1. Would you confirm whether or not segment 100-110 contains a residue that is touching a residue at least 60 places away in the same chain (Cβ under 8 Å) and farther than 16 Å from residue 33 by Cα?
2. Contact list please: Cβ distance under 6 Å, first residue in segment 36-49 and farther than 13 Å from residue 127 by Cα, second residue among the β-branched types (Val, Ile, Thr) and not in a helix (DSSP H, G or I), pairs at least six apart or on different chains.
3. What number of residues within segment 136-175 are among the hydroxyl-bearing types (Ser, Thr, Tyr) and either under 15 Å from residue 88 (Cα atoms) or crowded, with 17+ Cβ neighbours inside 10 Å (or both)?
4. Considering only segment 106-175, give the helices (runs of 4 or more DSSP H) lying wholly within it that have at least 1 residues that are charged (D, E, K, R) and under 15 Å from the mean Cα position of the chain (by Cα).
5. Would you call residue 100 of a type outside the set (A, V, I, L, M, F, W, C), under 24 Å from residue 165 (Cβ atoms) and surrounded by fewer than 21 Cβ atoms within 10 Å (Cβ to Cβ)?
6. Determine which member of the set 90, 28, 49 is exposed (fewer than 15 other Cβ atoms within 10 Å of the Cβ), closer than 19 Å to residue 145 by Cα and not aromatic (Phe, Trp, Tyr).
7. Which condition number in (1) surrounded by fewer than 24 Cβ atoms within 10 Å (Cβ to Cβ); (2) in contact with a helix residue (DSSP H, G or I) (Cβ under 9 Å, 6 or more places away or on another chain); (3) without any contact (Cβ under 8 Å) to a residue 60 or more places away in the chain is the one that residue 133 fails?
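The values are calculated or read from the model by the stated rules, or taken from the named source; none is laboratory data. What you see is a predicted model; the values in this text were computed from it and never measured. Neighbour counts are summed over all protein chains in view; Cβ atoms, including those assigned to glycine, are modelled from backbone coordinates with ideal geometry.
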Amino acid sequence: MLDCVVGIEYISTIVECNCNSLGAVEMALVDLITPEVVKVPLKSETKPAVLRELVQILKDAGKINDFEGALTAIHKREELGSTGLELGIAVPHAKTDVVQNLTLAIGISPQGIDFNSLDGKPAHLFFLMLAPPNQSGPHIEALAEIAKLSKSRAFCDMLVHARSSEEVVQLFREE
């Protein structure tokens, strides 16, 4: 997996290589996005609080039962290097036994939050992913889709200015 701090361009390159080798693995990011796993706006103002809030979204949506296990996995991954990329995007992710399938929470912070991003700028869009240790394909596919979407500044701006979780879901369905 991506166990180092990397930028969006690097993720795109790695993901393209891995996805080509995965062959028939098909997974649409939009299939994981429902209003229950989207928070607009995030209330948190710090990195640890954002991670906690995003994991809580998954717990409240019934996607995970073990809140502490999920949060610990995310923190351990962050210790290896920040998942704050660039262009206002952060993709905290981890592999953990607390999920059976790839699980996603999205948070939006219009004001931005310091996430130790590569470009030193605050993150506005957060895509928290949890995947089971034995499944790499969907995890890689989701990273690919996030990298692709992040290249559209107009789309990212629409997400940052969304007023509700339903609006975020609709934007992804239209993209």
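1. Yes, that holds for at least one residue.
2. 41/108
3. 3
4. Because the criterion is at least 1 residues that are charged (D, E, K, R) and under 15 Å from the mean Cα position of the chain (by Cα), the helices (runs of 4 or more DSSP H) in segment 106-175 that meet it are 137-150.
5. So residue 100 fits the description; yes.
6. 28
7. Only one criterion is unmet by residue 133, namely (2).
For every residue, the table says whether it meets (1) modelled with pLDDT of 95 or more; (2) over 18 Å from residue 77 (Cβ atoms); (3) touching a strand residue (DSSP E or B) at 6+ places or on another chain (Cβ under 9 Å).
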{"site": "118", "(1), (2), (3)": "no, no, yes"}
{"site": "122", "(1), (2), (3)": "yes, yes, yes"}
{"site": "126", "(1), (2), (3)": "yes, no, yes"}
{"site": "130", "(1), (2), (3)": "yes, no, yes"}
{"site": "138", "(1), (2), (3)": "no, no, yes"}
{"site": "141", "(1), (2), (3)": "no, yes, no"}
{"site": "161", "(1), (2), (3)": "yes, yes, yes"}
{"site": "166", "(1), (2), (3)": "yes, yes, yes"}
